[in-house]
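These notes are about the structure you will find just below.
The values are calculated or read from the model by the stated rules, or taken from the named source; none is laboratory data. Keep in mind the model is a prediction, meaning the values are calculated, not measured. Positions of Cβ are backbone-derived with ideal geometry, glycine not excepted, and every protein chain shown enters the neighbour counts. Note: accessible area is taken over every heavy atom of the protein model, side chains too, but ligands, DNA and RNA are not part of it. Shrake-Rupley method; radii C 1.70, N 1.55, O 1.52, S 1.80 Å.
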Amino acid sequence: MSPAYFVNQLAAVHLANVFNPYADSCPAYDKVNAAEIRRNNLRCYFEAVLALGVDTIWMGRDLGYLGGRRTGMALTDEHHLPHAHLVYERFFPVRATHGAAIKERTATEIWSLLRELRKPPLLWNVFQFHPHEPNKPFSNRKFAVRERKMADDINAELINWIGIERIVGVGSDAVTYAQQFDVKVVPVRHPSYGGIVAFRHGIRTEYGLKSVRTGASPTQHPLFT
């Protein structure tokens, strides 16, 4: 399977009260060709991941309106797009929106640790779209069971295609979901709602990274903060 084929499968998904960043356009913030930009970014991301021989997923729950809705990338905000090539060689994503780049807290924590790894993971979600409340496109809600089931085949295909051997579940929803696949599942605390210290500790323990003192920056790379 090719990255383009997989991305086109994602673009073909249409659900009520769900923003598909690979097919839909936001009238408030998106450029005219925003969906095409996000498709191209994701295709190039998969090409970079395949070239690196990635065998691990860091899995979140779904796209949020401040992060993945705009970038089309899981656990990634616009603030970190210009530095993506420092983690994923030859990956230079393009912004799909107008205005100032948005910085999102969870994405900041994720990207603060990525540069310390010898081999980065594939950043992904249980549900690779942005579910929102009816008539409230800039809100977040948890996906419904019927929506999640739609993603099951997509995720199984992805895991087999990339050759994933381990899923680091960022938060309990991702951990519970990942257990259905025949891979190692590592639970870590989600960095939101007071979980930052536990998240950092979980990742550092799993990867054998040097701990930092409480209150210190989690990284020596200021571009990622």
task = Among residues belonging to the range 143-163 that are at pLDDT below 95 and assigned to a loop (DSSP other than H, G, I, E, B), point out the one that is nearest to Glu109 (Cα to Cα).
result = Phe143
message = Show the residue pairs meeting these rules: Cβ distance below 8 Å; 6+ apart or different chains; first residue within the range 13-27 and free of Cβ contacts under 8 Å to residues at least 24 places away in the same chain; second residue open to solvent by 10 Å² or more (accessible area, probe 1.4 Å) and not in a loop (DSSP other than H, G, I, E, B).
response = Ala23/Ala11; Ala23/Ala35; Asp24/Ala35; Ser25/Ala35
Filtered residues of the range 105-131 (kept if among the hydrophobic types (A, V, I, L, M, F, W, C) and either touching an Asp or Glu at 6+ places or on another chain (Cβ under 6 Å) or more than 17 Å from Tyr177 (Cα to Cα) (or both)) = Ala107, Ile110, Trp111, Leu113, Leu114, Leu117, Phe127
key: Number of the condition not met by Asn140 [criteria: (1) part of a loop (DSSP other than H, G, I, E, B); (2) touching a Pro at 6+ places or on another chain (Cβ under 8 Å); (3) open to solvent by less than 50 Å² (accessible area, probe 1.4 Å)]   = (3)
message = Report every pair of residues separated by at least 6 positions or lying on different chains whose Cβ atoms are under 9 Å apart, first residue within the range 180-192 and touching a residue at least 60 places away in the same chain (Cβ under 8 Å), second assigned to a strand (DSSP E or B) and open to solvent by 60 Å² or more (accessible area, probe 1.4 Å).
response = His190/Arg61
remark   = Considering residues that are in contact with a Phe, Trp or Tyr (Cβ under 9 Å, 6 or more places away or on another chain) and more than 22 Å from His98 (Cβ to Cβ), the number found within the range 55-80 is 8
inquiry  = Return the pair list, or none, for Cβ contacts closer than 9 Å from residues in the range 76-102 that are on the phi > 0 side of the Ramachandran plot to residues that are in a helix (DSSP H, G or I) and at pLDDT 95 or above, at least 6 apart or on different chains.
reply    = Arg90/Cys44; Arg90/Glu47; Arg90/Ala48; Arg90/Ala51
remark   = If you go through Val18, Val13, Val49, the only one that is open to solvent by less than 60 Å² (accessible area, probe 1.4 Å), of a type in the set (A, V, I, L, M, F, W, C), at pLDDT below 95 and farther than 27 Å from Gly194 by Cβ is Val13
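Filter the range 147-198 down to residues that are acidic (Asp, Glu) and over 16 Å from Thr56 (Cα atoms) and give me whichever is surrounded by the most Cβ atoms within 10 Å (Cβ to Cβ).
Step by step, filter the range 147-198, then rank; the result is Asp173.
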note = Arg166 fails exactly one of (1) basic (Lys, Arg); (2) modelled with pLDDT of 95 or more; (3) farther than 26 Å from Ser2 by Cβ, namely (3)
query = Given Asp55, Asp62, Asp30, Asp77, which one is in contact with a helix residue (DSSP H, G or I) (Cβ under 9 Å, 6 or more places away or on another chain), open to solvent by 10 Å² or more (accessible area, probe 1.4 Å), of a type in the set (Asp, Glu) and more than 26 Å from Asn160 (Cα to Cα)?
reply = Asp30
ask   = When you look at Asn135, is it open to solvent by 10 Å² or more (accessible area, probe 1.4 Å) and either of a type in the set (A, V, I, L, M) or modelled with pLDDT under 95 (or both), yes or no?
value = yes
note = Of the residues in the range 107-119, those that are assigned to a loop (DSSP other than H, G, I, E, B) and either within 21 Å of Ala198 (Cβ to Cβ) or under 17 Å from the mean Cα position of the chain (by Cα) (or both) number 4
